[in-house]
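Visitor: Please see the structure below; I have some questions.
The values are calculated or read from the model by the stated rules, or taken from the named source; none is laboratory data. Note that this is a predicted model, so its numbers are computed, not measured. Virtual Cβ from ideal backbone geometry, glycine too; neighbours counted across all protein chains shown.
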Amino acid sequence: MAAAPGPVHEALAGLALVDHHCHGAVTADLAPGEFAALLTEGAAWPGMSPFDTPAGVAVRRHCAPLLDLPRHAPPDDYTARRTELGWREVNRRFLTAAGAAAFFVDTGYTTHPLTSPAELAAAGGASAREVVRLEQVAEAVAARGVAAQEYAEVFRAAAEEAVRGPGVVAVKSVAAYRTGFALDPVRPPAREVTRAAGAWLAVGGRLSDPVLVRHLLWTAVDLGLPLQLHTGFGDADLRLHHADPALLTDWLRLTSGTIPVLLLHCWPYHRQAAYLAAVFEQVYLDVGLALHHTGPARCRAVLEEALEITPFRKLLYSSDAYGVAEFHHLGALCFRRGLADLLQERVDADELSLPDALRVAAWTGADNARRLYGQPAPEPARDPSERPARKV
């Protein structure tokens with residue numbers, strides 16, 4: 001049962017969020033089937049609609065009003081209205097409604113034409129920063145051509161150049177997809193990297209050699225920026241049991257005192273991630289796309305489980321929205337409501353003081369990310385009359 005609205009709800013409703021991990025929104029009008037396919041991490045199976053999922057139901061309930069449709073609008077009406085408005089207006093409405101002060105954008109996954117970080121920011125009335133995906137850097141090095149014995153040096157130079165780009169705040173790895181985390185935690189010696197590079201360069205394709213993935217993770221340590229790691233929930237390309245962040249324990253011991261490590265998404269391993277954040281100084285987490293995939297009906301439970309033992313300065317907000325701007329909005333909505341409900345209930349039960357609850361809300365929604373990534377505080381809020389109303 002949701003807590004009665006109170007001051008924590010009011011504070012979170014007005015908080016300018018920092019979405020520390022997301023992707024761009026599609027820059028094209030989507031056919032009904034194309035839009036529906038982006039509602040799920042799985043396939044659009046014959047005879048089954050992606051609208052008939054927790055995320056699909058949440059879109060029809062909480063996103064339809066922003067398109068001037070009634071709540072629970074039928075899927076056909078929803079997609080027709082999207083087409084009528086056009087992708088630019090759709091993106092503007094949902095990105096503005098997210099109420100974010102900043103988006104940190106992973107630019108390394110582009111199976112659709114997407115907004116750049118600057119375009120995403122402009123549509124949402126926010127700022128944007130870039131997160132560099134290191135596998136993409138490595139694969140670009142291989143595609144240009146490099147001798148095996150030079151791979152390590154050339155990859156490092158390319159990564160250093162990439163992170164010097166304007167607005168870059170972090171790097172990311174999708175090792176969970178490529179090899180999983182059951183890797184030898186030790187930095188691989190140069191001869192092993194050269195041998196593995198020779199084998200990979202001979203065949204090309206995606207970077208999936210365990211030695212080279214280890215080398216990539218240690219290169220991330222050397223770069224000195226926060227490292228985002230996909231863990232847990234993802235699409236069918238993932239072997240979920242290999243994406244348990246607890247498998248990183250030995251590597252985290254070896255990298256203690258170096259760079260912040262951000263465990264993204266985490267579900268259903270958010271409790272394991274919480275443990276790691278509780279025992280390793282450099283570890284932080286979010287619950288990412290689990291927010292909009294569980295929807296307002298269950299996102300509180302996910303947040304509550306993540307916060308069972310997580311230090312309050314260790315949990316961050318992210319939407320991990322990709323493709324459809326509805327998820328930028330829905331992730332923010334779920335986060336605000338779920339966190340407000342659980343914190344307000346603890347205040348009402350006298351398990352948490354109101355000042356403490358308000359601090360936790362501000363830390364989790366924005367301040368933890370600003371401190372971790374070195375981002376400045378937002379400018380003073382504009383007059384509310386200048387901002388579009390947020391419909392729910």
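Visitor: Look at region 115-164 and say how many of its residues are over 19 Å from the mean Cα position of the chain (by Cα) and of a type in the set (Asp, Glu).
Guide: 5
Visitor: Got a sec? Which helices (runs of 4 or more DSSP H) wholly within region 75-194 have at least 1 residues that are outside the structural domain of Ser208 (by TED's automatic domain parsing)?
Guide: Result: 75-85, 87-97.
Visitor: Can you find a residue in region 137-157 that is closer than 21 Å to His230 by Cα and either β-branched (Val, Ile, Thr) or in contact with a Pro (Cβ under 7 Å, 6 or more places away or on another chain) (or both)?
Guide: Checked region 137-157: at least one residue is closer than 21 Å to His230 by Cα and either β-branched (Val, Ile, Thr) or in contact with a Pro (Cβ under 7 Å, 6 or more places away or on another chain) (or both).
Visitor: For region 34-53, name all the residues that are at pLDDT 90 or above and either in the same structural domain as Asp235 (by TED's automatic domain parsing) or in contact with a helix residue (DSSP H, G or I) (Cβ under 6 Å, 6 or more places away or on another chain) (or both).
Guide: If the condition is that a residue be at pLDDT 90 or above and either in the same structural domain as Asp235 (by TED's automatic domain parsing) or in contact with a helix residue (DSSP H, G or I) (Cβ under 6 Å, 6 or more places away or on another chain) (or both), then Phe35, Leu39, Pro50, Phe51 are the ones that fit.
Visitor: Trp218 is checked against (1) assigned to a helix (DSSP H, G or I); (2) closer than 24 Å to Thr294 by Cβ; (3) among the hydrophobic types (A, V, I, L, M, F, W, C) and fails just one. What number does that condition carry?
Guide: (2)
Visitor: Okay, moving on. With of a type in the set (A, V, I, L, M, F, W, C), surrounded by fewer than 23 Cβ atoms within 10 Å (Cβ to Cβ) and within 18 Å of the chain's Cα centre (by Cα) as the only criterion, which of Val279, Val287, Val283, Val302 stands out?
Guide: Details: Val279 fails: within 18 Å of the chain's Cα centre (by Cα); Val287 fails: surrounded by fewer than 23 Cβ atoms within 10 Å (Cβ to Cβ); Val283 fails: surrounded by fewer than 23 Cβ atoms within 10 Å (Cβ to Cβ).
Going through Val279, Val287, Val283, Val302 in turn, just one is of a type in the set (A, V, I, L, M, F, W, C), surrounded by fewer than 23 Cβ atoms within 10 Å (Cβ to Cβ) and within 18 Å of the chain's Cα centre (by Cα): Val302.
Visitor: State the number of residues belonging to region 6-55 that are small (Gly, Ala, Ser), part of a helix (DSSP H, G or I) and under 19 Å from Arg336 (Cα atoms).
Guide: 4
Visitor: Follow-up question, since we're still on this one. Condition first: among the hydrophobic types (A, V, I, L, M, F, W, C), under 26 Å from Glu161 (Cβ atoms) and not in a loop (DSSP other than H, G, I, E, B). Can you find one or more residues in region 269-287 that meet it?
Guide: No.
Visitor: While we're looking at this one, here's another question. Specify the residue that is surrounded by the most Cβ atoms within 10 Å (Cβ to Cβ); the eligible residues are those in region 30-78 that are over 29 Å from Leu264 (Cα atoms) and among the charged types (D, E, K, R).
Guide: Result: Asp77.
Visitor: Show the residue pairs that are 6+ apart or on different chains and have beta-carbon atoms under 6 Å apart, the first residue being within region 204-233 and at positive phi and crowded, with 19+ Cβ neighbours inside 10 Å, the second being modelled with pLDDT of 95 or more and not small (Gly, Ala, Ser).
Guide: These pairs meet every condition: Gly232/His265; Gly232/Cys266; Gly232/Trp267; Gly232/Tyr269.
Visitor: Quick check: is even one residue across region 150-161 in contact with a Phe, Trp or Tyr (Cβ under 9 Å, 6 or more places away or on another chain) and surrounded by fewer than 21 Cβ atoms within 10 Å (Cβ to Cβ)? Outline the logic, then answer.
Guide: At the first step, the residues of region 150-161 found to be in contact with a Phe, Trp or Tyr (Cβ under 9 Å, 6 or more places away or on another chain) are 151.
Still in the list and also surrounded by fewer than 21 Cβ atoms within 10 Å (Cβ to Cβ): none.
There is no residue in region 150-161 that is in contact with a Phe, Trp or Tyr (Cβ under 9 Å, 6 or more places away or on another chain) and surrounded by fewer than 21 Cβ atoms within 10 Å (Cβ to Cβ).
Visitor: Just name the residue that is surrounded by the most Cβ atoms within 10 Å (Cβ to Cβ) out of those in region 247-262 that are within 19 Å of the chain's Cα centre (by Cα) and free of Cβ contacts under 8 Å to residues at least 40 places away in the same chain.
Guide: Step by step, filter region 247-262, then rank; the result is Val261.
Visitor: Provide a single number: the residues in region 86-98 that are crowded, with 24+ Cβ neighbours inside 10 Å and farther than 24 Å from Lys172 by Cβ.
Guide: So the count comes out to 2.
Visitor: Still on this model: How many residues does region 295-322 hold that are closer than 14 Å to Gln272 by Cα and either in contact (Cβ under 8 Å) with a residue 60 or more places away in the chain or in a loop (DSSP other than H, G, I, E, B) (or both)?
Guide: Looking only at that region, the number is 6.
Visitor: Limited to region 321-376, what total is found for residues that are polar (S, T, N, Q) and either surrounded by fewer than 19 Cβ atoms within 10 Å (Cβ to Cβ) or over 24 Å from Val261 (Cβ atoms) (or both)? If you could, list the steps in order and put the result at the bottom.
Guide: Applying the first criterion (polar (S, T, N, Q)) to region 321-376 yields 344, 353, 364, 368, 375.
Filter again for either surrounded by fewer than 19 Cβ atoms within 10 Å (Cβ to Cβ) or over 24 Å from Val261 (Cβ atoms) (or both), leaving 344, 353.
Here the count works out to 2.
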